[in-house]
Amino acid sequence: MQLIEHVAEMTALARSWRSQGLTVGVVPTMGCLHDGHLSLMRLARERCDRVVVTLFVNPLQFGPNEDFAAYPRQQRLDCQLAEEQGADVVFAPDSRELYPEGFQTTVKAGELAKGLCGASRPGHFDGVVTVVTKLLLLTCADVAVFGEKDFQQLTVIRHLVADLHLPVEIVGAPIVREPDGLAMSSRNKYLQGEMRQEALCLYRAITEARRLALATPPPAAADILEVVRQIVAERGGALDYAVIVDERNLREVPAVDGHSRLILAARIGGVVRLIDNARLLPDHA
Ligand code: PAF
């Protein structure tokens, strides 16, 4: 496996793969890899001749008071993990490579980026779509794999690719959970002491919402959300938002059907912001 830090080198290699007719699967990450990321790499490996894992903590997607500086970084271990999953290249540029002096052109996400996480993280998705566009183009990606945990991000990226006619297939991969249900996230590293237990409020709320949604007829979305709010509060989380949306367009829905997804974000211990989501009914009921 090769570690590449320069855009020119990455682009040259990707172009040579393309000229040989090889397909390229890309897994964009900010590093600090966990089993969720590894599952994305396995999907890319199954689908493509060559796999590139990108490690880049993207300054453009962090707000001024967010955790850019503190974001966990472990490049050596990440390279080892990527290699074990059969990655051909880890592309780990620094900020000056992707945003050299004079850089001034960005991509702007649309409506889908305004609500949910976009409401409390203004500009976040513009940063995401800007870096993802660059990464997909410079790796000549045929396929790019993203986790469903960041469901809004996945939806925004699907739109990006359709709107800009980027010739890339976007694959969404299921959330990977710890044995007790906590969705895997690099930010779980911030959970200290009791916060680890409190963080389960998200999964508990999801489990209960899914149980309620199975009733015939299911309760109204507003009633399910009331229970979600109670569970998160009782277990020590501070809810940022909880919504039930149509997963195809992220619009809120009054009643649950096979396309309904509960999406929520909460602060644990007042500081660690975690997100989670799940479809409420089994496969398109
Ligand atoms: O999901 C992430 O880790 C990041 O938002 C991404 C897609 C790698 C862009 O920086």
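The values are calculated or read from the model by the stated rules, or taken from the named source; none is laboratory data. Quantities reported herein were computed from a predicted structural model and do not represent experimental measurements. When we count neighbours, we look across all protein chains shown, and the Cβ atoms used for this are built from the backbone with ideal geometry, even at glycine. When the accessible area is computed, the model is the full protein with side chains, heavy atoms only, and any ligands, DNA or RNA have been set aside. Shrake-Rupley method; radii C 1.70, N 1.55, O 1.52, S 1.80 Å.
Restricting Ile263, Ile224, Ile275, Ile244 to residues that are open to solvent by less than 50 Å² (accessible area, probe 1.4 Å), over 18 Å from the mean Cα position of the chain (by Cα), within 24 Å of Arg121 (Cβ to Cβ) and modelled with pLDDT of 95 or more narrows the list to Ile244. So, Glu148, is that one of a type outside the set (Lys, Arg), open to solvent by 20 Å² or more (accessible area, probe 1.4 Å) and within 16 Å of the ligand (Cβ to nearest atom) or not? For Glu148, the condition - of a type outside the set (Lys, Arg), open to solvent by 20 Å² or more (accessible area, probe 1.4 Å) and within 16 Å of the ligand (Cβ to nearest atom) - is met. Of the residues making up the stretch 60-78, not a single one is touching a residue at least 60 places away in the same chain (Cβ under 8 Å), more than 12 Å from the ligand (Cβ to nearest atom) and under 18 Å from Cys140 (Cβ atoms). Every test in (1) more than 16 Å from the ligand (Cβ to nearest atom); (2) in contact (Cβ under 8 Å) with a residue 24 or more places away in the chain; (3) aliphatic (A, V, I, L, M); (4) not in a loop (DSSP other than H, G, I, E, B) is passed by Ala162 save one, and that test is (2). Considering the conditions (1) small (Gly, Ala, Ser); (2) surrounded by 16 or more Cβ atoms within 10 Å (Cβ to Cβ); (3) without any contact (Cβ under 8 Å) to a residue 60 or more places away in the chain, Ser185 is excluded by exactly one of them, (3).
(1) surrounded by fewer than 17 Cβ atoms within 10 Å (Cβ to Cβ); (2) modelled with pLDDT of 95 or more; (3) closer than 30 Å to Asp240 by Cα: which one isn't true of Ser120, the others all being true? (2) is the only condition that Ser120 fails. The helices (runs of 4 or more DSSP H) found wholly in the stretch 179-255 and carrying at least 1 residues that are over 23 Å from Gly36 (Cα atoms) occupy 201-213, 221-234.
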